[in-house]
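Reading through the C-alpha cells given below for one structure.
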Amino acid sequence: MIIDKVINNNIISAFEESGTEVVVMGRGIGFKKKPGQTVPSEQVEKIFRMKSKTLAEQLKELLADMPLERVEISAEIIAYAKDQLKLKLNQSIYVTLTDHINFAIERVSQGIEPENALLWEIKRFYSHEFQLGTYALQLIHERLGIKLPEDEAGFIALHFVNAEYGTDIHDALKFPNQMNDIVRIVEQELGLELDEGSLHYERFVTHVKFLLQRIYRKELLSSEDKDLAQMMQRKYPKEYNCSEKVAAYIKEATGCTLSDEEVMYLSVHIRRVTAVEK
C-alpha cells in the first residue's frame, strides 16, 4: 500500500495495489510519514475499505481529531457484532457508531447524561442490539475507565438497527414506539396479553420489524394474490380485521398504505401469535 495522505499520527489514507483507496489505522503509522511512501505493514492494526467515497471522506474527517483508543473500541464493537453475532451491517456504522461513542464520552465527561425515552421499548423489541449496546458500555468501562449510563446502550443499539436494515437513524428512532403501538393494538383488538417469551411472539415481532423497515425503504409487497387475502379474511375474520386496524395505524404514522398482500401476511402472523394465547 502507498500512502496518499497522513490524517494524523495514527490514521492515514492509502491506495492498495488494485488502486482501491483505504483508511488505515495503527499506532504511530503516520508519524513522520509522507504521501508516496510505503505503508509500514507491521504497524497496520485496522483497514477500513469503504465502498462509498462519501463515507470514506466522512470517516477520514471524523478520525482526524479523535483519540485512537475511541476509534479502536468502536472498531472492536463492530467486529464483535459481525463475527460473534453474524450481523450484516451497512458500512455507515463505522462513521455513525464511532461518532456517537466519541460524543457520548464527551458528554459524560461534562456531567451530561441524556435520558433515553425509548429505553424500555428498545430492550423489548431489539434485545440483540441492546446486548451489543451493553457490551459496548462494558468495553468502554474496561478500556477507558469511563462508565456510561444504561441509556447509552439503547442509543448504541439504535445505531445497529439503522446499520442492519439500511434505514436513516431518525427512522430507527421511530421503530420502538411504533412496535409498541402495534403490539398494543393487537392485544386490545383481540382482548388478550401476548406471551413475550413464546416463539410465535418472536416471529410476530420479527415480521413487524421487517415490515416497518420495508416501509421506510419503500420496498413493500404489491397486491398480487387478492384471492389468498380474501380467503384469509373469510377464515380468520377477527385476525384479518385486526391486521386492517394495524394497517390503518401504519398509514396514519407513516403515510404508507399497505397492500392486500401485506395485510394478509400480517394477519397470518397475528393468527399464529394469538392462537396459542386463547
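The values are calculated or read from the model by the stated rules, or taken from the named source; none is laboratory data. Predicted model only: the values in this text are computed from it and were never measured. Cβ placement follows ideal geometry from the backbone for every residue including glycine, while neighbour counts extend to all protein chains displayed.
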Considering every residue within segment 78-85, establish whether at least one is within 30 Å of Arg184 (Cα to Cα) and part of a helix (DSSP H, G or I).
no
State all residues of segment 6-51 that are charged (D, E, K, R), without any contact (Cβ under 8 Å) to a residue 40 or more places away in the chain and under 21 Å from Asp65 (Cβ atoms); if no residue qualifies, say none.
Glu21, Lys32, Lys33, Lys34, Glu45, Lys46
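Quick grid of which residues meet (1) assigned to a loop (DSSP other than H, G, I, E, B); (2) surrounded by fewer than 22 Cβ atoms within 10 Å (Cβ to Cβ); (3) not polar (S, T, N, Q):
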residue	(1), (2), (3)
Leu148	yes, no, yes
Glu152	no, no, yes
Asp171	no, yes, yes
Asp181	no, yes, yes
Asp195	yes, yes, yes
Lys209	no, yes, yes
Can you pull out the strands (runs of 3 or more DSSP E) entirely within segment 1-57 that have at least 3 residues that are farther than 23 Å from Ile78 by Cβ?
2-8
Exactly one of Gln233, Gln178 is of a type in the set (S, T, N, Q), at negative phi and more than 19 Å from the chain's Cα centre (by Cα), and that residue is Gln233
Got a number for residues in segment 100-116 being over 21 Å from Phe160 (Cβ atoms) and either among the β-branched types (Val, Ile, Thr) or buried (at least 17 other Cβ atoms within 10 Å of the Cβ) (or both)?
1
State the number of residues belonging to segment 49-80 that are closer than 27 Å to Ser18 by Cβ, among the aliphatic types (A, V, I, L, M) and within 19 Å of the chain's Cα centre (by Cα).
7
Which numbered condition in (1) part of a helix (DSSP H, G or I); (2) under 14 Å from Arg214 (Cβ atoms) is the only one that Lys251 fails?
(2)
Scanning segment 103-119 residue by residue, the ones that are in a helix (DSSP H, G or I) and either in contact (Cβ under 8 Å) with a residue 40 or more places away in the chain or of a type in the set (Gly, Ala, Ser) (or both) total 4
Within segment 238-267, restricting to residues that are surrounded by 17 or more Cβ atoms within 10 Å (Cβ to Cβ) and of a type in the set (Val, Ile, Thr), the one that is nearest to Gln188 (Cα to Cα) is Val246
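For every residue, the table says whether it meets (1) under 15 Å from the mean Cα position of the chain (by Cα); (2) assigned by TED's automatic domain parsing to the domain that holds Val95; (3) at pLDDT 90 or above; (4) not charged (D, E, K, R).
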| position | (1), (2), (3), (4) |
| --- | --- |
| Gly133 | yes, yes, yes, yes |
| Arg143 | no, yes, yes, no |
| Tyr165 | yes, yes, no, yes |
| Gly191 | no, no, yes, yes |
| Glu202 | no, no, no, no |
| Asp225 | no, no, no, no |
